[in-house]
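Okay, structure first, notes after.
The values are calculated or read from the model by the stated rules, or taken from the named source; none is laboratory data. Treat the numbers as computed from the prediction; the structure is a model and nothing was measured. Backbone-built Cβ (ideal geometry, glycine too); neighbour counts: all protein chains shown.
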Amino acid sequence: MKKQLPLYILILFLIIVNGFFLINHFGISDDGDFKGPKGPNNFISKRLDFNAEQTQQFEELEQKHRKTMRGISNEIRSSKEALFDQISNVEASDSKIDSITSVIGEFEKNKDLEVFRHFKAIYNICDDSQKAKFNSLVKDALHKGPPPRGRRSPMKKGNDHPGPPPRH
């Protein structure tokens, strides 16, 4: 028991430190609101400095957009399940596989159209100075692209792109 006492103290210390981290990261903010991770919608509304009316319109757009995207994502997921269910089907024809992948492609197209329409709706609630900022944000996001998944490839000094050189 005495040999394990330092281990118990260390575990207790780690639990307390993790508790403080969770409270500070996800706890209640000074104004009484829930303090969660900041999403892209919070970023957009803060960068564009929306007034109260614009913020309300923006939040309504966000709710509608999330609901629509959730529905499309569910359709994509179920279509992909149907596709991969064909792996064990010995009678699966190429035409059936092509049909399922075409349906998935249509849903992906609808997803991209929904994102475009959502950004267009955000653009429409902006005033003229905000529209210029919004265009800049969208261009920056398109050129930057999403962060890479999986392994990290840090930027190397003197190199404009991350990761190893392309294969020849």
TODO: Give the range 119-149 a look and list any residue that's under 16 Å from the mean Cα position of the chain (by Cα) and modelled with pLDDT of 90 or more, or say none.
DONE: Phe119
TODO: Give the residue that is farthest from the chain's Cα centre (by Cα), with candidates limited to residues of the range 46-85 that are surrounded by fewer than 17 Cβ atoms within 10 Å (Cβ to Cβ) and outside any helix (DSSP H, G or I).
DONE: Asn51
TODO: Return the residue satisfying two criteria in turn: it lies in the range 91-123 and is of a type in the set (S, T, N, Q) and assigned to a helix (DSSP H, G or I), and of such residues it is nearest to Glu59 (Cα to Cα).
DONE: Asn110
TODO: Looking only at the range 7-22, decide whether some residue is in a helix (DSSP H, G or I), touching a Ser or Thr at 6+ places or on another chain (Cβ under 7 Å) and at pLDDT 80 or above.
DONE: no
Task: Evaluation of Phe116 against (1) under 18 Å from Val138 (Cα atoms); (2) surrounded by fewer than 16 Cβ atoms within 10 Å (Cβ to Cβ); (3) modelled with pLDDT under 90 (one fails), failing number - done: (3)
- [ ] Evaluate the following for Asn89: is it modelled with pLDDT of 80 or more, over 23 Å from Leu137 (Cα atoms), in contact with a helix residue (DSSP H, G or I) (Cβ under 9 Å, 6 or more places away or on another chain) and loosely packed, with under 11 Cβ neighbours inside 10 Å?
- [x] yes
